[in-house]
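Reading through the structure tokens given below for one structure.
The values are calculated or read from the model by the stated rules, or taken from the named source; none is laboratory data. From a predicted model like this one, the values you see are computed outputs, not experimental measurements. We place every Cβ from the backbone using ideal geometry, glycine too, and count neighbours over all the protein chains shown. All accessible areas refer to the heavy atoms of the entire protein, side chains included, with ligands and DNA or RNA removed. Shrake-Rupley method; radii C 1.70, N 1.55, O 1.52, S 1.80 Å.
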Amino acid sequence: MRNRRAWSATRTVVAGLACGVLALALPGAHASTGPGPTERTAPGDERTGRGDRNASVVIEWMRTADDTIDAEARTGPPESFIWQAYVSAAVYNAVVGVEGRFAPYKWDGRAHRPASSAAAAASAAHHVLRHHFPGAAPRLDAALADTLATVPDGEAEEEGVAFGKRAAAHIVALRRDDGRGASVPFPAPPSPGVWRPTPPGHQPFASAWMGRVRPLLLDSPGQFRPGPPPPLRSARYARDLHELAAYGGRTGSHRTPEQTDTARYFVALDLQGALGDHAARHGFGIAETARLYAAANTSQADAVIAAWDAKLHYGTWRPVTAIREADTDGNPATRPDRHWEPLLNTPAHPDYLSGHATMGGALMRMLTGILGTSRVDLRIRSVTTGATRHYHYADAYERDVVDARVWGGIHTRTADEAGAATGRQLAAWALRKYFRPLS
């Protein structure tokens with residue numbers, strides 16, 4: 001409710017600043033529907049229910065993946081979700097290849113002898129990470145030895161380790177030559193409405209390859225590319241700029257302290273930790289836990305790819321450029337402010353679509369489908385501020401991530417809302433194809 005009140009105040013001021021332009025529309029809540037609730041087995045089941053001790057292995061290895069990617073790849077969101085998707089997909093295939101229950105991801109591998117799903121999960125994560133980050137091999141080998149020390153020795157452990165290697169090898173082969181890290185130029189020359197490097201660093205287009213990399217779930221990066229953003233001379237464009245000028249600036253902003261906290265909170269989130277916490281609190285079995293991570297991470301990876309596809313295709317300038325050079329946009333309702341600075345440093349890529357908002361829409365739609373309810377119950381810690389927020393429902397998270405990018409001064413509301421809608425659309429499509437319960 002706090003953000004609804006904050007938004008009401010925002011809308012009142014912006015409407016006045018826009019001199020008669022219609023008040024901004026409140027982002028609508030998304031009522032999610034999807035597959036039925038995930039099946040649960042009775043308490044005490046050693047393999048797949050609330051008594052499953054093996055589910056913690058998946059959580060521990062996804063944390064290991066997070067730490068390894070952070071240390072070795074030296075990238076943060078959104079690039080890190082590509083790597084997380086590789087690891088979680090391999091872990092998922094390894095687990096369901098032993099446990100059954102859910103359809104494997106682009107694979108038909110099955111363990112043909114009794115196997116430990118915990119050993120398979122650890123082995124799969126270990127081998128994907130070791131392949132991509134060989135410098136981390138000593139730490140990864142030690143982590144695998146620690147996990148296997150908790151698994152009873154014998155044929156099931158050995159078969160689990162071997163099957164996990166197979167699952168990892170499949171994902172490594174599947175993602176070979178997928179366009180990751182390729183050189184992708186942004187050739188459009190600077191002109192009104194077109195992106196160009198932004199202050200303070202004036203860096204070139206960062207990670208442009210993400211808009212051309214082969215998706216994990218979708219058929220192509222542009223499968224759900226939305227229509228173009230509003231024309232520079234439109235009332236919607238002017239409305240977006242008025243809101244940013246009023247609420248996104250580093251100084252002289254109409255933001256409340258709470259709105260500033262929200263903008264900073266969303267710079268970087270520990271979503272892997274939030275997924276593990278949800279699975280543990282709700283007593284997920286190992287197959288459910290692996291599915292939760294794989295569905296969330298692959299959908300967010302594809303959301304990044306879809307957002308970067310739109311960034312490359314439309315190449316729209318960022319708010320800091322648009323506001324400073326508003327006298328060149330041909331819109332009589334905008335005015336330049338040569339000294340305007342956003343609250344947050346502007347990332348080095350175009351405005352439309354917002355990557356965070358696209359990921360947020362995809363994550364929430366995927367989770368509501370997987371969980372069978374709009375009550376996502378996520379406790380999410382901000383890596384940036386250290387604060388933890390408890391999101392009970394999907395629409396509250398989506399609303400906050402959209403608002404955060406506007407209040408941070410780095411995205412137009414149009415780029416956020418279109419991004420969230422694109423994310424929901426791609427996740428709804430993916431739910432019909434992937435991570436389905438077996439009959």
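Here are some notes:
- Hull shadow area, averaged, region 207-364 [alpha-carbon convex hull, nm²]: 11.0
- Share antiparallel - DSSP beta bridges, the chain, percent rounded to 5: 90
- For the chain, adding -39500 (n - 2.57) for each run of n ≥ 4 DSSP H residues and dividing by the number of residues yields -16000 deg cm²/dmol at 222 nm.
- Cut-off under 5 Å, modelled amide H: who pairs with LEU269 long-range: VAL383
- Largest GNM mean-square fluctuation across ALA245, ALA162, ALA294, computed for the chain with C-alpha springs under 10 Å, falls on ALA162.
- If you take all other residues with their beta carbon under 12 Å from the beta carbon of PRO350, and give Lys and Arg +1 and Asp and Glu -1, the sum is +1.
- Residue-wise HN-Hα coupling along region 327-333, computed from phi with Karplus coefficients 6.51, -1.76, 1.60 (Hz; x: Gly, Pro): 6, 9, 8, x, 9, x, 8
- Close amide H pairs (under 5 Å, H built 1.01 Å from N) link GLU341 with ARG250, THR251, residues at least 5 positions away or on another chain.
- Two-decimal ratio, region 140-287, of alpha-carbon radius of gyration to 2.2 N^0.38 Å: 1.61
- Folded to 0 to 90 degrees: helix 80-99 orientation relative to the chain principal axis, Cα: 30
- Alpha carbon convex hull of region 295-439, projected area averaged over orientations, nm²: 9.9
- Accessible surface, region 238-352, averaged per residue in Å² (probe 1.4 Å): 28
- Within region 74-182, none of the chymotrypsin sites (Phe, Trp or Tyr not before Pro) combine a DSSP coil assignment with at most 16 other C-beta atoms in a 10 angstrom radius.
- In plain terms, the chain from VAL184 to GLU72 could stretch by 38.0 nm, reckoned as 0.36 nm per residue minus the Cα-Cα distance.
- Measuring nothing but how far apart in sequence close Cα pairs (under 8 Å, 6+ apart) lie, relative to its length, the chain scores a relative contact order of 23 percent.
- Accessible area per residue, Å², region 102-190 with all protein chains present, probe 1.4 Å: 49
- The chain - percent of accessible surface contributed by carbon and sulfur, probe 1.4 Å: 53
- Mean-square fluctuations from a GNM of the chain, with a 10 angstrom spring cutoff on Cα atoms, peak among PRO197, PRO347, PRO230 at PRO230.
- Once both labels are positioned 7 Å from their Cα atoms along Cα-to-Cβ, the gap between SER439 and THR388 label points is 4.3 nm.
- Backbone geometry of region 234-246 corresponds, through the Karplus equation with coefficients 6.51, -1.76 and 1.60 at θ = phi - 60°, to 3J(HN,Hα) couplings of 7, 5, 5, 4, 4, 4, 4, 5, 4, 5, 4, 4, 7 Hz, x marking Gly and Pro.
- Counting 0.36 nm for each residue step from ALA145 to ALA169 and taking away their Cα separation leaves a gain of 6.7 nm.
- For region 385-393, Karplus couplings with θ = phi - 60° (6.51, -1.76, 1.60), whole Hz, Gly/Pro x: 9, x, 6, 10, 10, 9, 9, 6, 10
- With Rh defined as the Kirkwood radius, the inverse of the mean 1/r over Cα pairs, the Rg/Rh of region 364-439 is 1.03.
- Rg(Cα)/(2.2 N^0.38 Å) for the chain, N = residue count: 1.01
- Computed over all pairs of different Cα atoms, the Kirkwood value for the hydrodynamic radius of region 349-407 is 12.2 Å.
- Semi-axis lengths, Å, region 70-217, gyration tensor of Cα atoms, sqrt of 5 times eigenvalues: 38, 17, 10
- Accessible area per residue, Å², region 382-438 with all protein chains present, probe 1.4 Å: 31
- Within the listed set GLU341, GLU99, GLU155, the Gaussian network model of the chain (springs between alpha-carbon atoms below 10 Å) gives the highest mean-square fluctuation for GLU155.
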